[in-house]
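Report on the structure given below.
The values are calculated or read from the model by the stated rules, or taken from the named source; none is laboratory data. For clarity, every value in this text was computed on a predicted model and none was experimentally measured. Cβ placement follows ideal geometry from the backbone for every residue including glycine, while neighbour counts extend to all protein chains displayed. These area figures cover heavy atoms from the full protein model, side chains too; ligands, DNA and RNA do not enter into them. Shrake-Rupley method; radii C 1.70, N 1.55, O 1.52, S 1.80 Å.
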Amino acid sequence: MKLRLRTMLSLQFALLVLITVFLISLVSGNMINRQFEEYVTKQQKSQADDLADSIESHYDPNHGGWNVDYVHGMGMYALKDGFVIRLYDAQKVMLWDAENHDMAFCHKMLNKIAEQMKEKRPELEGKFVNYQYNLNYHGEKIGFLEISYYTPYYMNEHDFQFVAALNRILGIVGGLSLIFAVVLGMLLARQITRPLSEVVRMTRRIAEGNYTTRLRTDRSTLELYELTDSVNRMAASLSEQETLRKQLTSDIEHELRTPVANISSYMEMMLEGVLEPTTERLQNCYNELKRLTTLIADLKHLKNEEASGVVSDKEKTGLLDLASVVLKSFETQLHENHIEWRLEGENVFVSADTGRLQQVIANLLSNAIKYTDAGGSIRISVTRQDAYGVLYVEDSGIGIPKDEQERIFERFYRTDKSRTRKTGGTGIGLSIAKAIVQAHQGTITCESEVGKGSRFIVRLPVDHEKS
Ligand code: ADP
């Protein structure tokens with residue numbers, strides 16, 4: 001069985017407090033009792049000393065020595081407090097004895113004390129002990145006093161009531177702090193577990209495909225803030241992925257529909273004998289099939305580019321060198337299409353994934369060739385502008401209408417004009433180029449005029465460290 005975190009935290013907190021309160025009560029209760037017993041013991045001793053002093057000070061040789069009446073008064077008074085006194089003169093003749101004086105009362109008092117102490121403090125094994133005090137007058141011995149009282153100490157009813165009250169107060173304080181701590185523990189546990197429960201609820205919702213909800217991030221603890229924040233990010237990224245997935249599926253579906261519809265309608269009509277299967281018609285079908293093949297190849301690219309974070313190891317790369325390498329591989333194609341080309345500018349260094357950046361330049365160059373008629377020209381140039389290396393790919397081709405210049409970077413987007421050119425494009429190349437450039441913290445833009453030509457501008461931050 002799985003315990004709820006909240007229950008577990010509350011239980012652990014309560015147990016901890018219970019043990020703490022118990023230990024504190026035990027130790028402090030013990031200490032208070034011991035302190036009080038020490039106090040009573042000292043008090044008793046000092047009371048006996050005072051008694052002896054007081055009797056000694058009442059000796060007056062001018063008025064017959066001992067004042068037995070006074071001793072009697074003191075003795076009876078002391079008896080009530082548990083002191084039994086006996087006074088002897090210098091010749092050890094007994095002058096006054098509490099026991100002899102009122103034996104019944106005296107025994108009653110002594111028994112009461114012994115019984116009470118045996119009942120309440122049996123572990124003490126206390127008993128009455130005789131203490132002897134020598135009495136002097138101006139340095140001359142005048143007798144001695146025997147005081148017998150219950151040792152190690154004697155507590156009367158009020159004392160016991162006082163100790164019991166102290167213990168009761170201690171118990172009440174312990175109980176109250178226990179209740180307070182349990183309530184506080186439950187509140188604390190709730191405070192910790194509530195955001196966790198919210199996260200659990202939210203992740204469940206995400207698992208069910210609902211990516212729109214977000215958690216509050218105004219948390220007081222760092223860990224809870226980080227947890228809710230990362231769950232929110234995860235939801236946002238999943239939502240983005242989901243949108244991309246939907247977009248991609250509908251784009252692909254849209255792109256596949258046209259060639260497949262074209263091929264099947266041609267085939268159908270040719271099979272039904274409505275159209276003759278001429279070489280031209282078969283060629284048309286073949287062209288559409290080729291477009292499908294290119295599309296499938298591009299889709300593979302797209303999958304790799306978008307899934308793998310696009311850029312891997314970066315290194316110091318000269319933009320002009322890179323453009324020159326790419327141009328070389330297009331030389332034959334440029335010749336065949338009767339297009340002039342030029343490469344110029346300074347070699348600005350950027351930090352780049354060379355393979356990926358070559359892919360961008362190759363894509364721009366291949367587009368420029370595709371959309372430029374024979375006799376046209378292409379110019380690639382590199383310059384430095386502030387902290388950026390800028391690469392231009394210009395052509396004197398068909399151009400792109402103003403309102404479409406942004407959209408050509410969208411996946412599968414192709415201008416109407418380019419569609420009619422039967423170049424076999426799929427509208428994927430520029431979207432990949434844009435993803436690669438952005439992964440280099442750069443930008444890619446386009447300036448163009450229909451009928452005059454286009455200019456693609458790639459801006460990448462220069463490699464400060466190395467250039
Ligand atoms: P593709 O060239 O395979 O169709 P791209 O993503 O490379 O795909 O380009 C998207 C669209 O942008 C092209 O279909 C075309 O309409 C337009 N385009 C790109 N480069 C040029 C260019 N140099 N001149 C004219 N149009 C261009």
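For the chain, what are the DSSP H helices with axial Cα length of 30 Å or more and mean Kyte-Doolittle hydropathy of at least 0.5? Write out the running numbers ahead of the final one.
Working: long enough: 5-57 (76 Å, 0.30); 157-207 (73 Å, 0.82); 222-271 (71 Å, -0.34); 279-307 (41 Å, -0.88).
Correct list, ordered by number: 157-207.
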Segment Gln43-Val274, length gained on full extension (0.36 nm per residue, minus Cα span): 70.1 nm
Note to self: with every protein chain in place and a 1.4 Å probe, the stretch 124-163 gives an accessible area per residue in Å² of 57
Quick check: pseudo-label points 7 Å beyond the Cα along Cα→Cβ at Leu289 and Lys80, how many nm apart are they? 13.0
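Just the number, please: carbon plus sulfur as a percent of the accessible area of the chain, 1.4 Å probe, no ligands or DNA/RNA counted.
Solvent-exposed carbon and sulfur of the chain make up 55 percent of the total.
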With a 1.4 Å probe and every protein chain left in place, work out the accessible area per residue of the stretch 340-467 in Å², rounded to a whole number. 46
Identify, among Leu3, Gly29, Met94, the residue whose Cα sits farthest towards the positive end of the charge dipole of the stretch 1-119, taking +1 on the Cβ of Lys and Arg and -1 on the Cβ of Asp and Glu, with the dipole about the Cα centre. Leu3
With the Cα gyration tensor of the stretch 123-217 giving a ≥ b ≥ c as the square roots of its eigenvalues, does the rule (a/c under 1.5 for rounded; else a/b larger than b/c for prolate; else oblate) give rounded, prolate or oblate? prolate
Over the stretch 215-259, with neighbouring protein chains present, the accessible area per residue in Å² at probe 1.4 Å is 69
May I ask you to derive the relative contact order of the chain, considering only C-alpha pairs under 8 Å and at least 6 residues apart, and to give it as an integer percent? 10
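For the chain, what is the mean residue ellipticity at 222 nm derived from helices alone (per DSSP H run of n ≥ 4: -39500 (n - 2.57); sum divided by total residues; nearest 500 deg cm²/dmol)? Before the final figure, lay out each step's value.
On the way: 11 runs with 269 residues, N = 467.
-20500 deg cm²/dmol, from helical runs alone.
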Distance between modelled label sites at His464 and Gln438, nm, 7 Å Cα→Cβ extension: 2.5
